[in-house]
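Worksheet: one structure, shown below.
The values are calculated or read from the model by the stated rules, or taken from the named source; none is laboratory data. All figures in this text were calculated on a predicted structure; none of them were measured in a lab. In this analysis, Cβ positions are derived from the backbone assuming ideal geometry, glycine residues included, and neighbour counts consider all displayed protein chains.
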Amino acid sequence: MTESRHYTRSIAIFAAREDAAEIMESITACRLSSAHEQCDAICDVLVNGNRLLADDLLKILPSAQIEASPFLIRLWYIDIPDKAHTWNVYFEHIWPEVDISFFVDGYVQPWKVSFLHLSEALKDSPEAVASSAIPTAGIFANKQSRFQIRIRGINGNLFALNKDVISRLRESGFRLPRGLYRTDPLIQTALKFDFKPSEQPHNHNRVVVVESASYERGALSLFKWADLKKQFNRYLR
């Protein structure tokens, strides 16, 4: 990584079952959202368990990467096909110790204003250590977003953490259990208890939900076998 720039933001894109075109769409959206915030960012693409996807991205990314760019892309391959394990690896070995870190699922494309609004929410909410986008597309998006706002929950598709809480997370030795599918509810609970549930009270103000931050995502089709299989596998997990 070049030392000629001072990066203040990081973006972790979690990828596994997507194809290279989907990930490139996510990277492009993250690049635009990062530019709108006017902050230099390191974008780490974390591919877990899909060697073919990693190889395909390796062929594409060099042409999209510019050394000393305000948007630096790094590609990582984690052999174990597990998002929770990938999350742990990122914090322990990859996180570049920046002021604010964004977390994005590979099949979504953040809105242009999302990173800026997530960052501003953290700055404007003294107790908050995490800010979260809401879903706006899909049959159940309205119901999901209302529930999320009510409980001040994290949407695992797109959220942000500040440097202080990630540093404490690393110091505490907190790890997500391997095999856990719904990582966001456990993360938000750990944050609200400050990683010390036996000592600290539950504080819902540590998470702020940002209604102006969201993302686009491809809709699954009832008429495509690959989409039906993908949805079935999600229910199994």
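Report, by residue number, each residue of the stretch 123-159 that is over 19 Å from Phe193 (Cβ atoms), aliphatic (A, V, I, L, M) and crowded, with 18+ Cβ neighbours inside 10 Å. Ala133, Ile134, Leu158 - these are the residues of the stretch 123-159 that are over 19 Å from Phe193 (Cβ atoms), aliphatic (A, V, I, L, M) and crowded, with 18+ Cβ neighbours inside 10 Å. Quick test of your reading of the structure: Ser69 fulfils all but one of (1) part of a helix (DSSP H, G or I); (2) of a type outside the set (Val, Ile, Thr); (3) surrounded by fewer than 17 Cβ atoms within 10 Å (Cβ to Cβ). Name the failing condition by number. Tallying (1) part of a helix (DSSP H, G or I); (2) of a type outside the set (Val, Ile, Thr); (3) surrounded by fewer than 17 Cβ atoms within 10 Å (Cβ to Cβ), Ser69 fails exactly one: (1). Scanning the stretch 1-31 for residues that are of a type in the set (A, V, I, L, M, F, W, C), buried (at least 18 other Cβ atoms within 10 Å of the Cβ) and more than 16 Å from the chain's Cα centre (by Cα) yields a single hit, Ala20.
A quick yes/no check of all residues on (1) in contact (Cβ under 8 Å) with a residue 60 or more places away in the chain; (2) of a type outside the set (Asp, Glu); (3) within 26 Å of Glu120 (Cβ to Cβ):
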site	(1), (2), (3)
Thr189	no, yes, yes
Pro197	no, yes, no
Asn203	yes, yes, yes
Ala213	yes, yes, yes
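Taken over the stretch 33-53, the criterion of being part of a helix (DSSP H, G or I) and either buried (at least 18 other Cβ atoms within 10 Å of the Cβ) or at positive phi (or both) is satisfied by Ser33, Ser34, Glu37, Leu53. Of all residues in the stretch 103-160, those that are outside any strand (DSSP E or B) and under 21 Å from Glu25 (Cβ atoms) total 20.
Filtering the stretch 46-63 for residues that are touching a residue at least 40 places away in the same chain (Cβ under 8 Å) and within 30 Å of Ser172 (Cα to Cα) leaves a non-empty set. The set of residues in the stretch 179-200 that are surrounded by 13 or more Cβ atoms within 10 Å (Cβ to Cβ) and either among the basic types (Lys, Arg) or farther than 20 Å from Arg17 by Cα (or both) comprises Pro185, Leu186, Ile187, Gln188, Thr189, Ala190, Leu191, Lys192, Phe193, Asp194, Phe195.
Checking each residue of the stretch 49-61 against the condition of being under 30 Å from Ala121 (Cα atoms) and either modelled with pLDDT under 95 or not basic (Lys, Arg) (or both) gives no match. Inside the stretch 168-186, residues that are in contact (Cβ under 8 Å) with a residue 60 or more places away in the chain and within 14 Å of the chain's Cα centre (by Cα) make up a count of 1. Based on what the data block shows, is Ala12 outside any helix (DSSP H, G or I), among the aliphatic types (A, V, I, L, M) and at pLDDT below 95? Spelling it out, it is not the case that Ala12 is outside any helix (DSSP H, G or I), among the aliphatic types (A, V, I, L, M) and at pLDDT below 95.
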